[in-house]
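One structure below.
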Amino acid sequence: MALTYKEFQEKSGNQFDVMKTDPYTQYLEPFCILGNVYYVGDKKVGMHLIDTGDGLILIDTGFPGAEAMVVNSIWRLGFDPKDIKIILHTHGHVDHYGTTTFFQQIYGAKTYLGEADARLMEKHPETFEWNGRIITFTPDEMLHDGDVIKLGNTEIKVVKSAGHSPGAMSFFFPVYADGKTYLAGLPGGIGRNTLFKEAYEALHYPETTPEDFLESVDRIMEEPVTLWLGCHPTPFHNDGLKKRMQMMDDQDRPNPYVITPEEWRSYLKELRKGMKEIVDNGCI
């Protein structure tokens, strides 16, 4: 018998409650993933900083209340938050844009969000409640499928990945290190929780279909990714916490974030299989 939404939530656990009460316990020392790509997220949410040589790009900004942690992480790496020129969002959920307004207002960073998420945020702000407050922001630009975001030595390809949110986007960009070129891949909004009817309806997603989830995985399946980034540092995503521990335990071992395109496809096939099981069992 298929899991109900309640059972799925109980099995997953409400891993984000700690971010309402003790967010600083989730601090993670920032580090270089590879080349000009750095991790500035915490133990719950992935945030990535890219040094383009002509300013910084920040991908996702974490939970509301995490501003001090993000700024500290950027400083610890030797960068200045005022040099953040662009903020990209994988999708419009509060754990991915919670400190965006801070960076907009304090540092003047230009922000981007998928158009469907921006429209939903504008039409149904009540959906975006966190810890008793409505948390939203107004993006400077809306992202669309096929957009290319350019800054300095970095070009990021944007691929529509609707499903977990209507405006979720995946990002792909080259990274140069050790005389080699890697393709970084960051899947946007792959969470299966919003495939369940209870979440689907509560989040006002009438324009997003179950097929969108599956199609979004198909659309990025053949990207020849060799550097795997994740929205969250959890096993379901890219298991970033484990990879970081591996890097610290043995600095001479191969970089665990570096994968083969075959490993990328294998991960996405398993992801798609899990999504299809939920769809086929009529949970939406």
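Only the coordinates and a few stated rules stand behind these numbers; no lab work does. It should be emphasised that the depicted structure is a prediction, and the values quoted were computed from it without experimental measurement. We place every Cβ from the backbone using ideal geometry, glycine too, and count neighbours over all the protein chains shown.
Going by average Cβ density within 10 Å per residue, which order do the peptides 134-146, 96-108 take, highest to lowest?
Going from most to least packed, we get 96-108, 134-146.
Using a Förster radius of 41 Å, what is the FRET efficiency between Val18 and Thr138 based on their Cβ-Cβ separation? Nearest 0.05, please. Show your work: numbers first, answer last.
Details: r = 29 Å, r/R0 = 0.70.
The formula returns an efficiency of 0.90 here.
Just to confirm a number: summing +1 for Lys and Arg and -1 for Asp and Glu over residues other than Asn238 whose beta-carbon lies under 11 angstrom from that of Asn238, what do you get? Could you put the intermediate results ahead of the total?
Details: positive: Lys242, Lys243, Arg244; negative: Asp239, Glu263.
In short, +1.
Report P(r) for region 56-203: all Cα-Cα distances, bin width 5 Å, range 0 to the bin holding the largest distance, values in whole percent.
2, 9, 18, 22, 21, 15, 8, 4, 1, 0
Note the full-extension length gain between Lys82 and Thr127 as 0.36 nm times their separation in residues minus their Cα-Cα distance, in nm to one decimal.
Length gained between Lys82 and Thr127: 13.1 nm.
Starting with the highest mean, order 119-130, 63-74, 175-186 by the number of other Cβ atoms within 10 Å, averaged over the residues of each peptide.
63-74, 175-186, 119-130
Treating only the Cβ of Lys, Arg, Asp and Glu as charged (+1, +1, -1, -1), what charge dipole size does the chain show about its Cα centre? Round to the nearest 20 debye.
The dipole magnitude comes to about 260 debye.
Considering the convex hull of the alpha carbon atoms of region 31-116, report its projected area averaged over all viewing directions, in nm², one decimal. All intermediate terms of the calculation are to be shown ahead of the outcome.
Details: hull surface 21.1 nm².
Over all viewing directions, region 31-116 projects a mean Cα-hull area of 5.3 nm².
Could you please tell me the mean projected area of the C-alpha convex hull for region 145-284, averaged over all directions and given in square nanometres to one decimal? The partial results should precede the final answer.
Numbers: hull surface 37.5 nm².
That works out to 9.4 nm², a quarter of the Cα hull's surface.
Could you work out the helix-only [θ] at 222 nm for the chain, with each DSSP H run of four or more residues adding -39,500 (n - 2.57) and the total divided by the number of residues, to the nearest 500 deg cm²/dmol?
-9000 deg cm²/dmol
Sequence gap at least 6, Cα distance under 8 Å: using those rules, report the relative contact order of region 40-180 to the nearest whole percent.
Relative contact order for region 40-180 comes out at 20 percent.
Can you tell me, using C-alpha contacts under 8 Å and at least 6 residues apart, the relative contact order of the chain as a whole percent? Intermediate results must be reported in sequence, preceding the final value.
Values: 544 pairs, mean separation 40.8, N = 284.
So the answer I get is 14 percent.
So if I place +1 on the C-beta of Lys and Arg and -1 on the C-beta of Asp and Glu, and nothing else carries charge, what would the dipole magnitude of region 109-268 be about its Cα centre? I want it in debye, nearest 20.
360 debye
Would you mind checking the pairs Lys110/Lys243; Lys44/Lys180; Lys43/Lys273; Lys43/Lys243 and listing those with alpha carbons more than 19 angstrom apart?
Working: Lys110/Lys243 31 Å; Lys44/Lys180 31 Å; Lys43/Lys273 27 Å; Lys43/Lys243 12 Å.
Listed pairs above 19 Å: Lys110/Lys243; Lys44/Lys180; Lys43/Lys273.
Along the charge dipole of region 114-213, pointing to its positive end and built from +1/-1 on Cβ of Lys, Arg, Asp and Glu, which listed residue (Ala162, Gly191, Thr208) has its Cα farthest out?
After comparing all options, I get Gly191.
What nm distance separates the two modelled labels at Asp54 and Asn281, each placed 7 Å from Cα along Cα→Cβ?
Taking the two extended label points, one gets 5.0 nm.
Taking the Cα-to-Cβ direction at Gln105 and at Glu270 and moving 7 Å from each Cα, how far apart do the two end points lie in nm?
According to this spin-label approximation, the distance is 4.3 nm.
Thr154: net charge of surrounding residues, Cβ under 10 Å, Lys/Arg +1, Asp/Glu -1, itself excluded? If you can, show how the numbers build up before the last one.
Values: positive: Lys150; negative: Asp51, Asp54, Glu155.
Net local charge, Thr154 excluded: -2.
Using only the Cα atoms of the chain, what are the Rg and Dmax in Å?
17.8, 54
Along Cα→Cβ, 7 Å out, is where each label goes; now give me the distance between the ones at Lys180 and Glu215 in nm to one decimal.
3.6 nm
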